[in-house]
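Before I ask anything, let me first share the structure, which is written out below as structure tokens.
The values are calculated or read from the model by the stated rules, or taken from the named source; none is laboratory data. Just so we're clear, the structure is a prediction, and the values are computed from it rather than from any experiment. No Cβ is skipped: glycine too gets one built from the backbone with ideal geometry, and neighbour counts run over all protein chains shown.
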Amino acid sequence: MKRLNLKNWNIRRTSQWTLIILIFLFWIRTIFDKDFFVDFEAYCPFGGLLSMATFFSSGNMVCSMDGMQLIMGGLLALSAILVSKLFCGYVCPIGTISEGLGRLGKKMKIPSYELGGIADMAFRSIKYILLYIVFYNTLETNDLFCKKFDPFYATVSLFGEDVSAWMASLSIIVLIFGAIFLRQFWCRYLCPLGAISSAFKYFYVFVVYIIIWIALDQAEIELNRVFVLATLSMIAYILELIGLRKKAGFQLLKIKRDASICIDCGICDEKCPQGIKVSVLDEVNHPDCNLCCECIGVCPDEQALSINGKTKFRWLPILVTVVLIMAGLIFGANLAVPSVDMKWGSDNAMSKSKVFEMSGIKNIKCYGSSMSFVEKMKKVKGVTAVATYIKDHKVVVKYDSTVLNENQLRKGMFTSKFIDISIPKGDATVFITDFAVKNFFDDLDVVFVANLLKDIQGMYSFETRYGQPPIIRIYSDSLINRDSIASLIENTKLVYKTAEENFSSEDLYRVVDISENDTMISGAYLKSLSFPSFKRAFNNRSKYTNEQLGQLIFPISAYPRNTQLMPYVINHLGKANKYIVGLVAQYSSNEPVAVVFYVKEKVTEEEIIELMLIEKLSITYDNGVVEEVDNPYVFDRPEIK
């Protein structure tokens with residue numbers, strides 16, 4: 001039996017491709033198994049670094065980031081400062097694919113090229129420009145901007161909702177062709193994570209910068225965010241250029257070459273994934289070096305190349321990588337960091353505040369939903385502070401106990417919903433049944449129940465009402481079986497997939513009471529309940545008196561169920577004509593109507609009619625982008641007096 005030749009065994013590539021295979025298997029399972037979910041963002045160190053920036057800037061975490069990403073980001077920074085860019089060399093899937101494509105190109109005898117001199121230095125600036133763009137936009141939006149173009153995220157999410165199709169497609173094309181024709185093109189010239197990892201080698205420079213920044217802040221000299229980020233990116237770029245000619249910053253572990261043993265064969269230069277000229281250096285302290293140790297593995301003499309002069313240290317980088325990853329998994333799993341932590345109560349109110357905690361609120365799943373919850377709680381008199389924890393879908397609410405009690409707080413957190421399933425005839429008799437359901441509380445629960453009830457014959461509508469437990473009020477004909485509906489709610493397993501994770505209704509709900517309401521209503525009255533009313537003034541409505549305004553009443557013969565899309569209509573109207581100043585949608589005596597208010601003698605009724613009956617609405621977004629969307633409503637021509 002042959003003995004394993006450890007020198008020729010490329011453990012780095014083995015670990016890299018093992019990780020790729022595991023990612024691929026998990027990815028395939030998420031596609032075919034609705035119950036299975038993997039958060040590919042959860043272990044992203046770059047997301048953790050961006051979260052740190054937003055946390056220190058605004059006190060809030062990025063998007064769906066939590067303690068795991070913070071720990072991973074911190075460990076990446078620590079490894080880059082003390083050791084090298086180990087994540088780039090041993091873990092990063094994009095780096096692995098890029099290397100693999102480069103080797104494939106060589107085997108296929110496709111010519112590859114190396115950029116040098118001014119071209120190399122100029123192209124290196126791109127990743128620092130991208131680093132600035134990513135940090136600036138992330139700080140502005142509290143959402144990971146890198147997800148818009150990241151090739152890995154675009155692939156595993158199947159171009160999900162956070163991905164810009166054209167940016168990601170361009171990135172994937174550049175990654176593939178760049179790797180084949182230019183060695184490690186993405187890693188050297190485009191990767192913002194590679195840029196910040198290189199910058200960490202000069203951590204002492206940025207420590208001085210931060211001290212100066214803090215001193216200026218204490219002196220009440222405010223620095224513009226654009227200036228700060230642009231300056232940091234420029235400094236990092238300049239330091240990389242310096243590192244190309246001199247030592248690339250602080251590094252505890254580095255590859256050393258013993259010139260007295262080296263035979264100048266140049267194999268190390270050829271095999272270096274980053275194209276570093278190892279054969280002419282006594283010490284490899286280069287911006288692109290990530291201690292992959294490929295050069296040591298191919299060197300004909302075991303003593304010529306080593307880490308810090310120790311040949312046995314060849315395994316140290318991957319050992320450090322494994323230790324750091326394990327430490328990240330252990331500490332990250334137990335670190336709870338609030339995505340949002342906001343206080344607005346006075347000191348007096350805070351001193352009288354009690355703490356209320358509630359877990360399992362599935363709608364708390366990202367920064368956006370957390371902020372929506374915060375804004376809702378600000379409207380509840382007596383609430384003084386809110387923190388949200390995405391990992392556990394938990395909220396911690398502080399409230400002034402002299403103003404509010406716990407039951408009132410719960411009621412303030414609850415949002416009643418009315419969901420229309422089918423339309424009864426106007427003269428139909430509608431029966432009402434109330435189901436008290438435990439563990440039913442948030443908007444996602446409403447989605448679950450709507451999907452459970454939508455195919456039941458005789459089901460018209462349902463609404464949710466606050467109670468302990470909350471009430472699901474069902475409007476139906478007399479044919480439905482109440483007990484079977486209770487069993488359906490309790491025993492049916494549904495899986496709802498969001499961008500962040502999967503939620504299952506299995507063993508979630510418990511019906512504790514069923515009560516039939518003595519009141520019966522007509523189908524026509526139920527229709528009036530289900531229509532979502534709307535009222536909005538715009539285009540400086542307050543400038544005009546009621547006498548200056550006219551109104552047109554448009555019957556609505558078709559409208560989207562359970563969705564309020566009237567803001568689309570007012571955007572369309574308001575941008576088209578500044579003298580259209582208001583819109584009210586409501587159920588009149590026997591049908592829904594939209595009432596449009598306009599300034600008389602400034603706009604004609606026919607102009608308004610043309611805008612309302614149009615098939616495509618022209619929507620103008622805050623960023624100036626204009627988009628045409630299908631008109632979701634069918635408005636009938638009004639009667640003009």
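Which count do you get for residues in the stretch 300-321 that are surrounded by 13 or more Cβ atoms within 10 Å (Cβ to Cβ) and without any contact (Cβ under 8 Å) to a residue 40 or more places away in the chain?
Residues in the stretch 300-321 being surrounded by 13 or more Cβ atoms within 10 Å (Cβ to Cβ) and without any contact (Cβ under 8 Å) to a residue 40 or more places away in the chain: 2 in total.
Condition first: surrounded by fewer than 22 Cβ atoms within 10 Å (Cβ to Cβ) and either within 32 Å of the chain's Cα centre (by Cα) or at pLDDT below 95 (or both). Now tell me which residues in the stretch 463-472 satisfy that. Write out each step before concluding.
As a first pass, look at the stretch 463-472 and keep what is surrounded by fewer than 22 Cβ atoms within 10 Å (Cβ to Cβ): 463, 465-471.
Correct list: Glu463, Arg465, Tyr466, Gly467, Gln468, Pro469, Pro470.
Where residues in the stretch 511-527 are of a type in the set (Ser, Thr, Tyr) and under 44 Å from the mean Cα position of the chain (by Cα), which of them is surrounded by the most Cβ atoms within 10 Å (Cβ to Cβ)?
Step one: filter the stretch 511-527 for residues of a type in the set (Ser, Thr, Tyr), giving 515, 519, 522, 525.
Applying the additional criterion that residues be under 44 Å from the mean Cα position of the chain (by Cα) yields 515, 525.
On the way: Ser515: 13, Tyr525: 15.
By that ranking, first place goes to Tyr525.
How many residues are of a type in the set (A, V, I, L, M, F, W, C) and more than 28 Å from Ser51 (Cβ to Cβ) when one looks only at the stretch 381-411?
Step one: filter the stretch 381-411 for residues of a type in the set (A, V, I, L, M, F, W, C), giving 383, 385-387, 390, 395-397, 403-404, 409.
Add one more test, that the residue is more than 28 Å from Ser51 (Cβ to Cβ), and what stays is 403-404, 409.
Number satisfying all stated conditions: 3.
Name the residues in the stretch 566-584 that are touching a helix residue (DSSP H, G or I) at 6+ places or on another chain (Cβ under 8 Å) and either surrounded by fewer than 22 Cβ atoms within 10 Å (Cβ to Cβ) or in a helix (DSSP H, G or I) (or both), would you? Talk me through it step by step, then tell me what you get.
Going residue by residue through the stretch 566-584, those that are touching a helix residue (DSSP H, G or I) at 6+ places or on another chain (Cβ under 8 Å) are 569, 572-573, 576-577, 580-583.
Scanning the stretch 566-584 gives Val569, His572, Leu573, Ala576, Asn577, Gly582.
Still on this structure, please answer the following. How many of the residues making up the stretch 503-529 are under 23 Å from Arg637 (Cα atoms) and in contact with a Phe, Trp or Tyr (Cβ under 6 Å, 6 or more places away or on another chain)? Explain how you work it out, then say what you get.
Initially, the stretch 503-529 is screened for residues under 23 Å from Arg637 (Cα atoms), giving 524, 527-528.
This time we only want the ones that are in contact with a Phe, Trp or Tyr (Cβ under 6 Å, 6 or more places away or on another chain), so: 528.
Of the residues in the stretch 503-529, 1 are under 23 Å from Arg637 (Cα atoms) and in contact with a Phe, Trp or Tyr (Cβ under 6 Å, 6 or more places away or on another chain).
Sticking with this structure for a sec: Being surrounded by 14 or more Cβ atoms within 10 Å (Cβ to Cβ) and of a type outside the set (Phe, Trp, Tyr) is the filter here, so list the residues in the stretch 423-437 that pass it. Can you show your working first?
Step one: filter the stretch 423-437 for residues surrounded by 14 or more Cβ atoms within 10 Å (Cβ to Cβ), giving 423-424, 428, 430-437.
Scanning the stretch 423-437 gives Ile423, Pro424, Ala428, Val430, Ile432, Thr433, Asp434, Ala436, Val437.
Among what's in the stretch 255-292 and is among the basic types (Lys, Arg) and within 15 Å of Arg183 (Cβ to Cβ), pick the residue that is nearest to the chain's Cα centre (by Cα).
Filtering the stretch 255-292 down to residues among the basic types (Lys, Arg) leaves 256-257, 271, 277.
Pick out the ones that are also within 15 Å of Arg183 (Cβ to Cβ) and you get 271, 277.
Working: Lys271: 38, Lys277: 40 Å.
Among those that are among the basic types (Lys, Arg) and within 15 Å of Arg183 (Cβ to Cβ), it is Lys271.
Search the stretch 549-568 for residues that are among the small types (Gly, Ala, Ser) and pair each with any residue that is part of a strand (DSSP E or B) when their beta-carbon atoms are under 7 Å apart and the residues are at least 6 apart or on different chains.
Gly550/Tyr598; Ser557/Val634; Ala558/Val634
Also, I was wondering about something else. Sort through Lys535, Lys602 and tell me the only one that's farther than 18 Å from Ile640 by Cα, among the basic types (Lys, Arg) and either assigned by TED's automatic domain parsing to the domain that holds Ala428 or surrounded by fewer than 18 Cβ atoms within 10 Å (Cβ to Cβ) (or both). So that I can check it myself, show each step before the final result.
Working: Lys602 fails: farther than 18 Å from Ile640 by Cα.
Being farther than 18 Å from Ile640 by Cα, among the basic types (Lys, Arg) and either assigned by TED's automatic domain parsing to the domain that holds Ala428 or surrounded by fewer than 18 Cβ atoms within 10 Å (Cβ to Cβ) (or both) holds for just one of Lys535, Lys602, which is Lys535.
Tell me yes or no: at least one residue of the stretch 95-109 is farther than 27 Å from Leu158 by Cα, modelled with pLDDT of 80 or more and either crowded, with 19+ Cβ neighbours inside 10 Å or hydroxyl-bearing (Ser, Thr, Tyr) (or both).
Narrowing the stretch 95-109 to residues farther than 27 Å from Leu158 by Cα: 106-109.
Filter once more, keeping what is modelled with pLDDT of 80 or more: 106-109.
Next cut, either crowded, with 19+ Cβ neighbours inside 10 Å or hydroxyl-bearing (Ser, Thr, Tyr) (or both) only: none.
There is no residue in the stretch 95-109 that is farther than 27 Å from Leu158 by Cα, modelled with pLDDT of 80 or more and either crowded, with 19+ Cβ neighbours inside 10 Å or hydroxyl-bearing (Ser, Thr, Tyr) (or both).
Then there's this: Just the residues that are modelled with pLDDT under 85 and either assigned by TED's automatic domain parsing to the domain that holds Asp39 or over 23 Å from Gly275 (Cα atoms) (or both), please, taken from the stretch 311-328.
Lys312
Collect the residues in the stretch 13-37 that are surrounded by 15 or more Cβ atoms within 10 Å (Cβ to Cβ) and modelled with pLDDT under 75, keeping them in residue-number order.
Phe37
Here is a yes/no grid of residues against (1) outside the structural domain of Ile31 (by TED's automatic domain parsing); (2) over 18 Å from Pro287 (Cα atoms); (3) among the aliphatic types (A, V, I, L, M):
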{"site": "Leu70", "(1), (2), (3)": "no, yes, yes"}
{"site": "Leu86", "(1), (2), (3)": "no, no, yes"}
{"site": "Thr96", "(1), (2), (3)": "no, yes, no"}
{"site": "Lys106", "(1), (2), (3)": "no, yes, no"}
{"site": "Leu130", "(1), (2), (3)": "no, no, yes"}
{"site": "Leu144", "(1), (2), (3)": "no, yes, yes"}
{"site": "Asp150", "(1), (2), (3)": "no, yes, no"}
{"site": "Gly160", "(1), (2), (3)": "no, yes, no"}
{"site": "Ser169", "(1), (2), (3)": "no, yes, no"}
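Looking at (1) assigned to a helix (DSSP H, G or I); (2) among the polar types (S, T, N, Q); (3) over 36 Å from the mean Cα position of the chain (by Cα), which is the one condition that is false for Asn590?
Here Asn590 clears every test but (1).
Just give me the residues in the stretch 332-373 being more than 27 Å from the chain's Cα centre (by Cα) and small (Gly, Ala, Ser), in sequence order.
Listed by number, the residues that qualify are Gly345, Ser346, Ala349, Ser351, Ser353.
To continue, here is another question. Only one of (1) within 30 Å of Lys147 (Cα to Cα); (2) surrounded by fewer than 16 Cβ atoms within 10 Å (Cβ to Cβ); (3) in contact with a Phe, Trp or Tyr (Cβ under 8 Å, 6 or more places away or on another chain) is not met by Thr563, so which one is it?
(3)
For Thr138, are the conditions met, namely being buried (at least 16 other Cβ atoms within 10 Å of the Cβ) and either within 28 Å of the chain's Cα centre (by Cα) or modelled with pLDDT under 90 (or both)?
For Thr138, the condition - buried (at least 16 other Cβ atoms within 10 Å of the Cβ) and either within 28 Å of the chain's Cα centre (by Cα) or modelled with pLDDT under 90 (or both) - is met.
Sticking with this one: Here are some residues: Ile172, Ile221, Ile176, Ile212. Which one is in contact (Cβ under 8 Å) with a residue 40 or more places away in the chain and of a type in the set (A, V, I, L, M)?
On the way: Ile172 fails: in contact (Cβ under 8 Å) with a residue 40 or more places away in the chain; Ile221 fails: in contact (Cβ under 8 Å) with a residue 40 or more places away in the chain; Ile212 fails: in contact (Cβ under 8 Å) with a residue 40 or more places away in the chain.
Every option except Ile176 fails the conditions.
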